Every structure is written in C-alpha cells, then in structure tokens.
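The values are calculated or read from the model by the stated rules, or taken from the named source; none is laboratory data. Note that the structure is a prediction, hence the values are computed from the model and not measured. Here the Cβ is made from the backbone with ideal geometry for all residues, glycine too, and neighbour counts use every protein chain on show.
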Amino acid sequence: MSYYPVFKKMADSLNAIYGMPPPKTLPPSPAGITIRHIITDSLRQISPAYFSRMLNLKEGKTYSVDELEAAMRRAYGTRYFSKLYYELLPVETGVADLHIITEEFPSFKVKLGLHYSTMTKIMLIANFTKEDLLGKPGVSYITAGISENPRIRVGHSMVMGSSKFPLSSVTEIYGEQQKFSQYSDFEETGNNYKQSDIYFDTRLQVAYERRKLYGIGVRLEHVSLKPVSRSLFDLYGRNNYIQPYARYEYNTLDKLFLPRKGTYILLEPSAIVGQSQKLTLKSMGIPVDYLDSLDVKTENFFRAKAQLQHVIPFRQRNTITIQAEADANFNSDQLLFHDFVVGGMQPAFRNQVTFAGIQDAALRTNSLVKLNINWRYQLVGAVFAAANANIMYHSFLKNRLPANSQKFLSGYGLTVGLDTPIGPFEFSFNYCDQAKDLNNYLNIGFRFSKGMF
C-alpha cells in the first residue's frame, strides 16, 4: 500500500500512451461436471469399494463443484487420511475424469498426552488405535489414563451400512476409579470416598452427514463405593444393573475443547433395570444393624438426559457459548448410585454435571435444569480470558433435601488460559451465592473425555 501512488502514476501514464487495456474475462463454467471415471490409484490400505462408499459419487453422473467438495470433506472426515484432494482431467466440454490423490494415516497409531486437573490430579494418557484389526472397515482402540484416579477405555467400531444407510456398531468397555470428598451444605465433612465404575456398552447407530447420529444400545454396569479411611460411620456399597437407552446427537462444533463455532445436541432417554444392590453401614469398620433406616429401593425407573451447546463467534476475538442441560431420574427415590453429582469445571467422572462456583461432587440430586453462559475473549495470540455465569434449579422430583435447603443455585467464574497444541491451560476463580465460598480450579492439557461439558 505504501507504493500504491507510484504504481497508480505508472498505470495512468501507460494508459495515456496506449489506452485502457481491454477487460479480461474467464470462459464460462458449466453448472455441473459429468464424471466419466473416478481414479483412485493412490489408495494403499483402504479398498476402492469402501472409499467409493465414503464419497457417494457415481461415474456418469453430473455434479456441481460444491457437491464434489462435500464428498471430499465427507471422506476426509473419516480420519483415514492425512491428505486428500482431487483434480479434474478434462475429456470434453463439461466432462472430466475425477482423479483423487490421497495419503493415508498408518493403520496403527500411538498418541500420548499429559493432563492435570484439580479433581483427577496428574494423569498420563496413552492411546493405541489399529484399523481393520477385527474386520474391514473397522477401528479398534485402547485409551488408558495412568493416575491415582485411573481410567481405561477399550473399544471397537465397525461400519456395516451403505452411503444411504450409514449403519455402524460401537462396542466399548470403560473403567474408572475416582476419589472425592463428601459435602454437607457445601462444606466438606472430612469423609473421603473412592468410587469404582466399570461398564460394557454396545450400540447400533446411524450417522448422517457426520453431523446427526441416531442410536440404540444397552449398557451393563458395575459400581462400587467405599471410604478411603475409617470414620464413625462409613457406607460401603455396590450395584450391578442394566441400562438400555436411545441416543440422538447433533454435532457441528469445530473443536471438542474451546470450540469457536457450532452446535452440539444430546438427547438420551434410558431405563435402569435389573439392579442387584448391596449396602453396608459400618461404625469404625464394624457392620451395624439399622441399615434399613436408609430406605434404599432398587425398583426399575426411567432416566433422561438432554444437553445443548451453541457457540457464537463475533467481532473476531469474542466467543459466546450457551449451554443448557436437563437431567432427571423419574419415579425413583434412590440415592448414592444414580444421583447426578454436581460441581466442578470439567466432566471427570460418572454422572457428573459441571457447575462453576461449587466444588466437584458438592451436591447430589436426582433432577436438575441448568443454564450456563460463557464469554471468551482472545487477548493476544493463544492467550484468552473468560467469564462464566450459571444457574441451576434442582431436586424437583421426589425431593429428599431438608425443608430449609435451597433448590436454586447461582454461580460465577473468571478464567485465564492458554490454548496450546497439547491442550488448554486454564486457571479459574469461582464463586457460588448459596455456598458463599470462593474456590479455584486448574486444568492443564486434554482431559480423558467423559462428556462434552
């Protein structure tokens, strides 16, 4: 721009001598291009038939450029490729051969990560992924979190459908162990518990456009709870049950962590059936006889979970994230194993619902409605600051709270962070009006993901 006056004077001088140059126009482009042949000579591991199903393009048909681009994005979104692009080789006017150039990821991949949070503590995360180990096309994986609060996920997914009916199966075994404190009126009681959870989950799902997912499945779960150290009264328990469920997911987020745009929706109705539960109350390690006073029931009941997240970018450096969640255990008066555990800034363990302002697991409830608004501002480079405000109405189904307990919560948070290739670094100060307590939360790196938020 600083040399623009020089170039403008030069152009005016030349135009004065030779006249204005005639405008240049490109030849008209056809509305669509007929594909004579699809050439996939760079494929090494993936079969041409499966790749054709990814693209959903047919030889002899006419496609617009937008349709070709969408097919390339659909194939690239399978994560089989490190690079994928195409070129059109002209045959005649409006007819071309489609030459697709690919570079595939290795069939066996290893990933390592390091994570720390106030709740889970330091964790080394390792992932091993192998394609087509148990049949084609399929992906098998193991993810392990090595920590004093360990996790492990072993799974296999298999594609069985067609481009018109994209059916797949997902089978997973998941296990976690988590220590947490007990709270009464948001104050720690001094009793710490360790919860162990392991489940087997299998489902069939149909995913359209890699945005919408419809699925049905069943989960077999075992949960156990025991105190970390002895106190005057301690509760020991375990529960086995079956959870059939249906699931709908819609996801257009550009990133799982710190997204900049997009929408996520989860709807998951389910049932808890076939419970086999055992609870023991001990005093200084000795079982006592009045366990029946806890009035614990093991009847079947329905459960529902709904989540919404919408991310709105504006004015280049600003991002507004709106989150809403509703969870409920219907016709149930059970405690301990199926309550939603509220608190904390990151979803780290079973049945957790995050809430800025109170500590992890500071509140247990069988029903809740939550709204959260987050404003994130990019200060410079990867450094950002965020302000958070959330409200919650809880325990409106078969309330077990004392008469003077409040069902409404309001909390706030201020965060400074750094978005890095190895995950976000975030430090937050939080406050809750009802708890009247200022606390902090630290998160470093990509978490062993348990939920979206």
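Assorted remarks:
- Residue check, Ile242 in the same structural domain as Ile142 (by TED's automatic domain parsing), within 20 Å of the chain's Cα centre (by Cα) and not polar (S, T, N, Q): no
- Residue selected from segment 55-79 under the condition in a loop (DSSP other than H, G, I, E, B) and touching a helix residue (DSSP H, G or I) at 6+ places or on another chain (Cβ under 8 Å), by the criterion nearest to Ser162 (Cα to Cα): Asn56
- When each of Val353, Val369 is tested for being of a type in the set (Val, Ile, Thr) and under 22 Å from Arg238 (Cα atoms), the lone residue that passes is Val353.
- Test for Ala382: is it farther than 30 Å from Asn240 by Cβ, modelled with pLDDT of 95 or more and among the small types (Gly, Ala, Ser): no
- Test: residue in segment 110-120 that is among the β-branched types (Val, Ile, Thr), at pLDDT below 95 and farther than 30 Å from Thr40 by Cβ: yes
- The set of residues from segment 72-89 being in contact with a strand residue (DSSP E or B) (Cβ under 8 Å, 6 or more places away or on another chain), surrounded by 14 or more Cβ atoms within 10 Å (Cβ to Cβ) and within 20 Å of Ala49 (Cα to Cα) comprises Met72, Ala75, Tyr76, Tyr80, Phe81, Leu84, Tyr86.
- Between Ser42, Ser29, Ser52, the distinction of being part of a loop (DSSP other than H, G, I, E, B) and under 30 Å from Tyr80 (Cβ atoms) belongs to Ser42 only.
- Residue among Phe165, Phe200, Phe180 that is at pLDDT below 90 and assigned by TED's automatic domain parsing to the domain that holds Gly135: Phe165
- A Cβ distance below 7 Å, combined with a sequence gap of six or more or placement on separate chains, defines the contacts here; from segment 266-284, residues that are within 14 Å of Tyr199 (Cβ to Cβ) reach residues that are part of a strand (DSSP E or B) and of a type in the set (A, V, I, L, M) in the pairs Gly274/Ile242.
Condition check ((1) of a type in the set (Gly, Ala, Ser); (2) within 29 Å of the chain's Cα centre (by Cα); (3) more than 16 Å from His99 (Cα to Cα)) across all residues:
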| residue | (1), (2), (3) |
| --- | --- |
| Ala31 | yes, no, yes |
| Ile35 | no, no, no |
| Ile39 | no, no, no |
| Ser42 | yes, no, no |
| Tyr50 | no, yes, yes |
| Leu57 | no, no, no |
| Gly60 | yes, no, no |
| Val65 | no, no, no |
| Arg73 | no, yes, no |
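- Pairs with Cβ under 6 Å, 6+ apart, first in segment 117-130 and in the same structural domain as Ala144 (by TED's automatic domain parsing), second in a strand (DSSP E or B) and charged (D, E, K, R): Asn127/Lys111; Thr129/Lys109
- When residues of segment 230-249 are limited to those that are of a type outside the set (Gly, Ala, Ser) and surrounded by 17 or more Cβ atoms within 10 Å (Cβ to Cβ), the one nearest to Gly274 (Cα to Cα): Tyr241
- Tally, over segment 210-224, of residues that are within 17 Å of Met158 (Cα to Cα) and either outside any strand (DSSP E or B) or of a type in the set (Lys, Arg) (or both): 1
- Checked against (1) in contact with a Gly (Cβ under 7 Å, 6 or more places away or on another chain); (2) under 16 Å from Arg350 (Cα atoms); (3) touching a residue at least 40 places away in the same chain (Cβ under 8 Å), Ile198 passes all but a single condition, namely (3).
- Of all residues in segment 70-106 being at pLDDT below 90 and of a type in the set (Asp, Glu), the one that is farthest from Pro30 (Cα to Cα): Glu104
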